[in-house]
Amino acid sequence: MAESNPNARLETFCDGVFAIALTLLIIDIKIPVGESIASTNDLWLALEHLLPRIFAFLLSFVIIFITWVNHHNALKLVNRSSSAFIYANGFLLLSVVIMPFPTALLGETLFTDHAAPAVVLYAVVDGLQAIGWILMIKAALKPKSLIRNARSAAVARGNLRNAYIAVIIYTVFALLAVWFPLAVAFLITVIWAAWLIIGINLKSE
């Protein structure tokens with residue numbers, strides 16, 4: 001009996017990776033061991049010190065969640081699979097599972113005078129994700145198309161264009177972050193917040 005969805009196992013595997021990556025993000029949110037909590041005020045101060053980590057956690061959660069939504073929608077565009085498509089998915093997942101590390105680094109250093117390396121790395125990982133999308137979409141479009149129909153192909157080509165733009169943006173961000181880390185972190189946040197708003201208001205087919 002033919003499998004109704006040839007990408008069912010791939011989608012299940014990817015969903016598991018996304019779920020684990022999202023879960024790992026929260027591990028870094030904890031009161032530092034050296035913090036002395038002797039009063040309510042001490043606890044408020046300790047929580048205040050966690051704000052950069054909470055910001056990094058929320059930003060990364062949004063990024064990974066939006067990536068999962070986009071991945072879910074992207075797999076609706078194809079009705080077959082190929083080795084190139086599967087390996088391209090693997091590269092995309094690599095950018096997802098790396099995310100908890102730059103998230104922890106960003107939360108640790110964001111409002112310090114040595115935040116630049118953390119923001120550079122964060123922008124690089126976002127750029128890697130865009131490259132993953134390029135590889136995945138190109139594998140779906142050619143040489144033998146895995147795309148369902150002409151309308152799906154048009155959507156895929158639009159996504160490919162957006163991925164190329166994202167690579168350029170995050171490359172520029174990674175360079176600018178050397179000198180303006182806080183400004184770049186803010187711009188990354190604005191971009192993903194915009195994608196979140198667009199995604200929430202986007203009508204499902």
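The values are calculated or read from the model by the stated rules, or taken from the named source; none is laboratory data. Note that this is a predicted model, so its numbers are computed, not measured. Cβ coordinates were reconstructed from backbone atoms using ideal geometry, including for glycine residues, and neighbour counts include every protein chain displayed. Only protein heavy atoms, including side chains, enter the accessible area calculation; ligands, DNA and RNA are left aside. Shrake-Rupley method; radii C 1.70, N 1.55, O 1.52, S 1.80 Å.
Here the helices (runs of 4 or more DSSP H) wholly within region 79-165 that include at least 1 residues being among the aliphatic types (A, V, I, L, M), free of Cβ contacts under 8 Å to residues at least 24 places away in the same chain and open to solvent by 10 Å² or more (accessible area, probe 1.4 Å) are 100-109, 116-141. Assess whether LEU58 counts as being over 30 Å from SER152 (Cα atoms), among the hydrophobic types (A, V, I, L, M, F, W, C) and touching a residue at least 12 places away in the same chain (Cβ under 8 Å). Criteria not met by LEU58.
When ILE27 is tested against the conditions (1) without any contact (Cβ under 8 Å) to a residue 24 or more places away in the chain; (2) farther than 20 Å from LEU187 by Cα, the lone failure is (1).
Scanning region 184-204 for residues that are surrounded by 13 or more Cβ atoms within 10 Å (Cβ to Cβ) and without any contact (Cβ under 8 Å) to a residue 40 or more places away in the chain returns LEU187, ILE191.
Could you tell me which numbered condition TRP179 fails, if it satisfies all but one of (1) assigned to a helix (DSSP H, G or I); (2) surrounded by fewer than 12 Cβ atoms within 10 Å (Cβ to Cβ)? Against the list (1) assigned to a helix (DSSP H, G or I); (2) surrounded by fewer than 12 Cβ atoms within 10 Å (Cβ to Cβ), TRP179 comes up short only on (1). Which helices (runs of 4 or more DSSP H) sit wholly inside region 6-75 and have at least 3 residues that are open to solvent by less than 40 Å² (accessible area, probe 1.4 Å)? Passing ranges, in order: 8-25, 51-75.
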